[in-house]
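In what follows, a single structure is set out as structure tokens and then discussed.
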2 protein chains.
Amino acid sequence: MAEPRWLDEREMRAWSGFLAASALVNRRLDQQLKDDAGLSHPQYEILVRLAAAPGRELRMTELANGLINSKSGLTYQVTQMEKAGLVRRRSCPSDVRGVFAVLTDAGSAKLEEAAPGHVATVREVLVDVLTPAQLDALAEGLGEVGRRLRGQGA
Amino acid sequence: MAEPRWLDEREMRAWSGFLAASALVNRRLDQQLKDDAGLSHPQYEILVRLAAAPGRELRMTELANGLINSKSGLTYQVTQMEKAGLVRRRSCPSDVRGVFAVLTDAGSAKLEEAAPGHVATVREVLVDVLTPAQLDALAEGLGEVGRRLRGQGA
DNA sequence: CACGGGTTGTTCGAATTTGAATCACCGGTT
DNA sequence: AACCGGTGATTCAAATTCGAACAACCCGTG
């Protein structure tokens, strides 16, 4: 691999733009959620996923799969959120090993409280900055990127 | 803020695609760099920026500004890399407080060793997955996103 | 020249993340 | 029924991250 295909100008701009935007947007959202609702970004995502799940509960593994974190990271976060009363654990009746994370009413309320500010920030930093055409390009292009990485990685 | 403008379908797809791709791509690159060259992604970026700098050296603050990390995070990483012999510190002659991070020959060699595999991975997970039009949309759209966040945040 | 506001980099403690190891268990096989 | 590869979740130590506090210093002003 002595001479790989380096990135040309266009590719380089897309790549570094993606990298920078990725870091900056994540950083900004973390900060906004923490200030506004006392939630970390991972915690917010857990709330969203549980709220969308049937019965407002998911197995730990299912939660970890869709998420950024490793399994152990999820265990940690759920423990924190359980202390805060946002979720609770329920053992799975058909499999003693299995654990459901269940959204509590307090967790649901916390999500409703945090969501408007979060959405507003998402608009401010990303969605409202892009043209409709750019939005579509992101959805399709990055959607495919995600699909491939999920396919390989998992 | 009782009723914010929620994201419509198109916006939602773009947003969640961006979020997922951002996390997955970063994860994959971290892993590839670690396995392939024993570098973390932040460390690789430090090498790149130093290699591109005049005299192969930069002030700590300049390095931190372009970078993801907080100042203290940069101090930590540079210390690690100094132990590994990839960079060294040089105090600034005109300002006693100032510190330059200088790329060593070993650091330069490490970068040349790691770069081909890194670029190949970047192509594999992102660049070669996107159409030229999507590349342009990313470059322009996310470029603007980054510019705005830099303007505000700093 | 002394002063005060702003900068520079580091240090410190607390929070978080990761991967490896571990424990307990499921389900199919013999 | 005992076994066995694989699964689900947790625990643990180590590495990394951040923000706030800190010490030292620059520079323009009075």
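Values quoted throughout were computed directly from the atomic coordinates according to the rules given, and no laboratory measurement underlies them. Quick caveat: nothing in here was measured; it's all calculated off a predicted structure. Heads up, the Cβs are rebuilt from the backbone with ideal geometry, glycines too, and the neighbour counts pull from every protein chain shown.
Looking at the square roots a ≥ b ≥ c of the eigenvalues of the Cα gyration tensor of region A:18-84, which shape do they give, rounded for a/c under 1.5, prolate if a/b is larger than b/c, or oblate?
Cα axes put region A:18-84 in the prolate bin.
Add +1 for every Lys or Arg and -1 for every Asp or Glu among the other residues with Cβ under 11 Å from the Cβ of B:Ala139, and state the total.
Computed value for this residue: -3.
Apply the a/c threshold of 1.5 to the C-alpha gyration tensor of region B:28-128 and tell me whether it is rounded, prolate or oblate.
In terms of gyration-tensor shape, prolate.
In terms of Cα to Cα distance under 29 Å, which lysines are near enough to A:Lys83, apart from those fewer than 8 places away along the same chain?
A:Lys34, A:Lys71, A:Lys110
Mind checking which of A:Met60, A:Met12, A:Met81 has the largest fluctuation in a GNM of chain A, springs on alpha carbons under 10 Å?
Top of the fluctuation ranking is A:Met12.
Restrict the search to region A:79-154; then list the trypsin sites (Lys or Arg not before Pro) that DSSP places in a loop and that have at most 12 other Cβ atoms within 10 Å of their Cβ.
When the trypsin sites (Lys or Arg not before Pro) of region A:79-154 are filtered for loop state and at most 12 Cβ neighbours within 10 Å, A:Arg97 remain.
Under the definition of Cα pairs under 8 Å and six or more residues apart, what whole-number percent is the relative contact order of region A:25-153?
Dividing the mean separation by the residue count of region A:25-153 yields 25 percent.
Could you grab the Rg to Rh ratio for the protein assembly as shown? Cα atoms only, Kirkwood for Rh.
Reported Rg/Rh, Kirkwood definition of Rh: 1.00.
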